Amino acid sequence: MSETAESSAPLLKMVELEGKGRALVASVPLRAGQVVLRDSPILLYSALPLLVAPHDAQQNHNFEYCSQCFRLVAKEQPSSSCRCPSCSLSIFCSQNCQSLALSSSHTPWVCQALKQFGEGSSPLLRCQPDIQVQARFLVVAYNLAMFCPSSFQTLLSLQGDPSTFMSSPEAKDSVFFLHSLVSSLPSGPVNLSTFGLSFSVELTAALLAKDKLNAFGLMEPFAPDKERSVRAYGIYPRASFFNHDCLPNACRFDYVDAATADGRNLDMTVRVIHDVPCGREISLSYFPVNLKYSERQKRLKEDYGFTCDCDRCRVEANWSDQEDEELDEDNLGDNEGAAMDEDDDDEEMVAEDGGSVAQDESYFPHAYFFLQYMCNKDNCWGTLAPLPPSDSSTSTVMECNVCGSLHQSKEVLDGNVAEQ
Ligand SMILES: C[S@@+](CC[C@H](N)C(=O)[O-])C[C@H]1O[C@@H](n2cnc3c(N)ncnc32)[C@H](O)[C@@H]1O
């Protein structure tokens, strides 16, 4: 998997873990802030409902984004951006993005599909926004089979099976509906026989299932006074092997609006939050870590099909509803004395008196994580990871993966860390 810049030693290896399927574990000891993976998307699609008119999009969604690089489209410089004259649903921030899209994400087949789906008579007009976004995904996924077969093969290898996806009658109905939409296009997806497949409801359901379990949301720019929505979804093939943990030891960063070379602004970087020993699984949280136990379990069951049995959930499963509700700042303040025992292989929280907090059910064992690794900016709830370490020292500057702010490490502020 990922390699250090200086050597070819792999940092992560893939293993099978009982009850979790494929997983990524550290193949060497990892240092706080170390980049363990840089991954590029094989597929991206807009999170905007298909039929939102441009002016509504601007009202209901905070910004407009380029359909190729997904950067903010500069509204103050409308002359440098251009809307596709044929489908009028795609906007490009530059001529360069438009011409790149013509041979990849916005081929004539995609353009024709978007145009047909966006016509006044389209049955999508009567559908919920999430179905319209799924229609966008299918167009992009079937297009991938035609213009980049190897990436389509990778998409097929990810987790997600059609029968689980169609387990409810509503989900089954929406798959049949979406499949009929794609079938109604003048030229259906071609090339599928290359993969030993035929265009079928099962294939459409399998693609939707893979999207549901593996897509990462690229968020709109952070603003403390606005609810933040997703601007685009992407499939990152190697990052798809990270499993979930409610107290993760890694988090992902993206810098979509950064001025980097073509396409690289869409790369995802995963950094470890603290030191991790060799052999330990590297996990992400699939949503903000501040969600309470019942919400986390519901989302994991409904969206990812599993019951979480992580250390945090095992403790919180015994909490009363009231205790669950009380996961607030007062509670964090009460436990400021908790400290991570750096030598403990199990990374168990240790109380001030040295006793194991995991044995004391009344104790709030995640206090250290929240104090040290959760961003305290209003309405942010991002996770903090140190900047990448230098050869000799770990950075004491923590970066938030949501609002992007930089913080001095809490340990430094408390005077618990020697000057580096
Ligand atoms: C993005 S994939 C992760 C990689 C996956 N394990 C695989 O084999 O490809 C998400 C799926 O992994 C499994 N998974 C992730 N985290 C898990 C956990 N903590 N416990 C059990 N299963 C988990 C679930 O099946 C989930 O739908």
Those residues that are surrounded by 15 or more Cβ atoms within 10 Å (Cβ to Cβ), out of contact with any helix residue (DSSP H, G or I) (no Cβ under 8 Å at 6 or more places or on another chain) and of a type outside the set (Phe, Trp, Tyr), I need them from the range 137-160; list them, please.
Cys148, Thr154
Ser200 versus (1) of a type outside the set (Val, Ile, Thr); (2) under 29 Å from Thr164 (Cα atoms); (3) within 16 Å of the ligand (Cβ to nearest atom): which is the lone unmet condition?
(3)
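For the range 215-251, how many residues meet the condition of being more than 12 Å from the ligand (Cβ to nearest atom) and either over 19 Å from Val36 (Cα atoms) or of a type outside the set (S, T, N, Q) (or both)?
If we filter the range 215-251 for residues that are more than 12 Å from the ligand (Cβ to nearest atom), which is where we start, we get 217-234, 249-251.
From what's left, either over 19 Å from Val36 (Cα atoms) or of a type outside the set (S, T, N, Q) (or both): 217-234, 250-251.
Residues in the range 215-251 being more than 12 Å from the ligand (Cβ to nearest atom) and either over 19 Å from Val36 (Cα atoms) or of a type outside the set (S, T, N, Q) (or both): 20 in total.
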Quick check on my filter: what residues within the range 259-295 are closer than 15 Å to Val25 by Cα and charged (D, E, K, R)?
Arg271, Asp275, Arg280, Glu281
Restricting to helices (runs of 4 or more DSSP H) lying wholly in the range 143-218: which have 2 or more residues that are more than 22 Å from Lys301 (Cα to Cα) and out of contact with any Asp or Glu (no Cβ under 7 Å at 6 or more places or on another chain)?
149-157, 169-183, 201-214
Ala259 fails exactly one of the following numbered conditions: (1) hydrophobic (A, V, I, L, M, F, W, C); (2) more than 20 Å from Phe370 (Cα to Cα); (3) away from the ligand (no atom under 16 Å from the Cβ); (4) within 13 Å of the chain's Cα centre (by Cα). What is the number of that condition?
(4)
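Can you tell me which residues in the range 269-302 are aliphatic (A, V, I, L, M), over 26 Å from Thr164 (Cβ atoms) and within 16 Å of the ligand (Cβ to nearest atom)?
Hits for the range 269-302 are Val270, Val289.
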Apart from one, (1) surrounded by 17 or more Cβ atoms within 10 Å (Cβ to Cβ); (2) within 15 Å of the ligand (Cβ to nearest atom) all hold for Ser174; the odd one out is (2)
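Any read-out appearing in this document is the output of simple, stated calculations on the displayed coordinates, not a laboratory observation. All values reported here derive from a predicted model rather than from experimental measurement. When we count neighbours, we look across all protein chains shown, and the Cβ atoms used for this are built from the backbone with ideal geometry, even at glycine.
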